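The values are calculated or read from the model by the stated rules, or taken from the named source; none is laboratory data. None of the values given here were measured: they were computed from a predicted structure. Here the Cβ positions follow ideal geometry from the backbone for every residue, glycine too, while neighbour counts run over all protein chains shown. Please note that ligands, DNA and RNA were not included when accessible areas were found on the heavy atoms of the full protein model with its side chains. Shrake-Rupley method; radii C 1.70, N 1.55, O 1.52, S 1.80 Å.
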Amino acid sequence: MILLFIIGISLIQFGLYYLNDKYKTKLPNFIILLVLLICYFFIFPKLFYPEPRTDGINCGMPLLGITLGFWIFGTIAGIVTHIIWKIKKRKSTKAQQRV
């Protein structure tokens with residue numbers, strides 16, 4: 001479930017890059033990456049934390065796994081999406097200059 005969420009966020013990131021380029025906003029793409037990385041580290045893991053049990057026996061291992069999963073896979077997905085967008089943008093710019 002977490003990996004599907006990360007893939008969905010990567011698609012949203014790609015869409016934000018596309019809209020940013022299409023409407024020629026002054027927002028650098030690096031800011032989009034930075035905001036999403038901050039979300040991967042601080043906001044998104046909390047959405048997947050399990051509810052605390054009422055009997056008082058609450059293990060922290062699921063929290064650790066969820067947090068580290070977002071930190072590792074989220075960071076990798078965000079950076080890879082950013083690099084793919086830069087490569088795609090560079091190739092399309094070179095193709096337009098040739099014509």
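If the only charges are +1 at each Lys and Arg Cβ and -1 at each Asp and Glu Cβ, what is the size of the charge dipole of region 43-99 around the Cα centre, to the nearest 20 debye? Present the calculation step by step, with values, prior to reporting the outcome.
Details: 9 positive and 2 negative charges, 186 e Å.
Dipole of region 43-99, to the nearest 20 debye: 900 debye.
Looking at the calculated P(r) for region 46-99, what percent of the C-alpha pair distances fall above 16 Å?
Details: 893 of 1431 pairs.
In whole percent, the share of Cα-Cα pairs in region 46-99 beyond 16 Å is 62.
What is the dipole size for the chain, taken about its Cα centre, with +1 at each Lys and Arg Cβ and -1 at each Asp and Glu Cβ, in debye to the nearest 20? Could you put the intermediate results ahead of the total?
Numbers: 12 positive and 3 negative charges, 199 e Å.
My answer is approximately 960 debye.
Could you compute the FRET efficiency for Ile12 and Leu63, with r as their C-beta to C-beta distance and R0 at 25 Å, rounded to 0.05? Don't skip to the answer; put the middle values down first.
Working: r = 25 Å, r/R0 = 0.99.
Step by step, r from the Cβ atoms, then E = 0.50.
Modelled label-to-label distance, Trp71 and Gln96, 7 Å Cα→beta-carbon offset: nm?
Reported label-point gap for Trp71 and Gln96 is 4.0 nm.
With every protein chain present, what is the per residue accessible area of the chain (1.4 Å probe, Å²)? Show your work: numbers first, answer last.
Working: 7380 Å² over 99 residues.
So the chain comes to 75 Å² accessible per residue, rounded to a whole number.
In whole percent, how big is the carbon plus sulfur part of the accessible area of the chain, probe 1.4 Å, protein atoms only? Could you put the intermediate results ahead of the total?
Details: 5420 of 7380 Å².
Exposed carbon and sulfur together represent 73 percent of the surface.
Go ahead and estimate [θ] at 222 nm for the chain from helices alone: -39,500 (n - 2.57) per DSSP H run with n ≥ 4, summed, over the residue count, rounded to 500. Provide the component values of the computation, followed by the final result.
Working: 5 runs with 72 residues, N = 99.
Taking each H run of at least 4 residues, the total per residue is -23500 deg cm²/dmol.
I'm spelling it out carefully: the read-out is Kirkwood radius over Cα pairs in Å, the candidates are [x] 14.7; [y] 15.3; [z] 13.4, and one was derived from this structure. Which label?
Computed from these coordinates, Kirkwood radius over Cα pairs in Å corresponds to label [y].
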